[in-house]
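Report on one structure; see the data block that follows.
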Amino acid sequence: MILCRTAAQLEAALTRQPEERTLVPTMGGLHAGHLSLIECARQCSGIVLATVFVNRHQFDDPEDFANYPREEEEDFERLRQAGVDLTYAPDEQEVWGGEPPRLEAFEIPGMTDVLEGQYRPGHLRAVAAVVSRLFDQTAPTAAVFGEKDYQQLVLVRRLAVECRPPIRIIAAPVVREPDGLAMSSRNRRLDPQSREQAAGLHRTLEAAAESIKDGLDVEQAQRQAFETLVELGFEPDYVEVREADSLCQPAPTDRDLVILAAARLSGVRLLDVVRFGLILS
Ligand code: PAF
């Protein structure tokens, strides 16, 4: 595996590689969820390029940024074993060139200011800023993003169509622990009791999706799911049903839906999503 630390090294290395390349952007702290993204990328033609960069601007809590797992050497080994051809692991200077990103330029009303954007102001703009910089620097033909961060995926699709040439975005399904908990770097911060309770998030969303499929009104299903989470010991920020492609409020004719939730458990903020279809009647 080739390891590049600077944009200049990356540019030089890429001139010797095939033009088709699939990007897997990460912030490190790699777990089985990330490895599944790499597996998706390996199905594409050309090389697999991973990035490891912890973007401080997308953390709204400085403590969260400080606590984010940094284990570069282990991560490089995991990437190498997973079959990554080239890893770009730059520092802040290489990514931003000494200037903080102009986050205002990445505001998309109705996208960066709703759901996660409402509870973590600035987070999605900073994600858009870093992804767009990494797209510029790595010039991929395709990129893989996990469905777990569903709003990020929808946002990135928007950025990707504006790239010249457009970048194909591949959505990788959520990878779950045996009890249903979505894999996340944050899970390791759950104490044993919270870890057991945490699976309740996915169960609750699954149950809500099933009840909507059975005809329950969307608003009522959202409300019930929110209340169930509170009873299970979560502090939910939101439980929302949205149209799956646009993340708009669902219209009665929409058939492809997602139910998204963010909830804290013993101070650890967990995200989950369940995608489901309604049969036309
Ligand atoms: O999903 C992530 O790990 C990050 O948001 C990403 C896409 C690497 C941008 O920093």
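The values are calculated or read from the model by the stated rules, or taken from the named source; none is laboratory data. These figures come from a predicted structure and were not determined experimentally. So basically every Cβ, Gly included, is an ideal-geometry build from the backbone, and we count neighbours across all protein chains shown. These area figures cover heavy atoms from the full protein model, side chains too; ligands, DNA and RNA do not enter into them. Shrake-Rupley method; radii C 1.70, N 1.55, O 1.52, S 1.80 Å.
Below, the figures for the structure above:
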| quantity | calculated |
| --- | --- |
| Global form of region 166-235, assessed from the alpha-carbon gyration tensor, a/c cut-off 1.5 | oblate |
| Scattering curve values for region 12-156, log₁₀ I(q)/I(0), Debye with Cα scatterers, q = 0.13 Å⁻¹ | -0.58 |
| Probe 1.4 Å, accessible area per residue of region 189-281, Å² | 50 Å² |
| Excluding exposed DSSP-loop trypsin sites (Lys or Arg not before Pro) (at most 10 other C-beta within 10 Å), longest clean stretch of the chain | 103-281 |
| Rg/Rg_ref, region 1-87, where Rg_ref = 2.2 N^0.38 Å and atoms are Cα | 1.13 |
| Cα gyration tensor shape for region 142-281, rounded if a/c is under 1.5, else prolate or oblate | oblate |
| Projected-area average for region 78-204 over all orientations - Cα convex hull basis, square nanometres | 9.9 nm² |
| Carbon plus sulfur fraction of accessible area for region 5-137, probe 1.4 Å, in percent | 46 percent |
| In sequence order, calculated HN-Hα J values of region 143-157 (Karplus, 6.51, -1.76, 1.60; Hz; x Gly/Pro) | 8, 10, 10, x, 6, 4, 8, 5, 5, 4, 4, 5, 5, 5, 4 |
| Square roots of five times the Cα gyration tensor eigenvalues for region 76-134, Å | 28, 16, 9 |
| Rg/Rg_ref, the chain, where Rg_ref = 2.2 N^0.38 Å and atoms are Cα | 1.02 |
| Probe 1.4 Å, accessible area per residue of region 29-165, Å² | 45 Å² |
| Selection of GluC sites (Glu not before Pro), region 5-44, meeting DSSP coil and at most 16 other Cβ within 10 Å | E19, E20 |
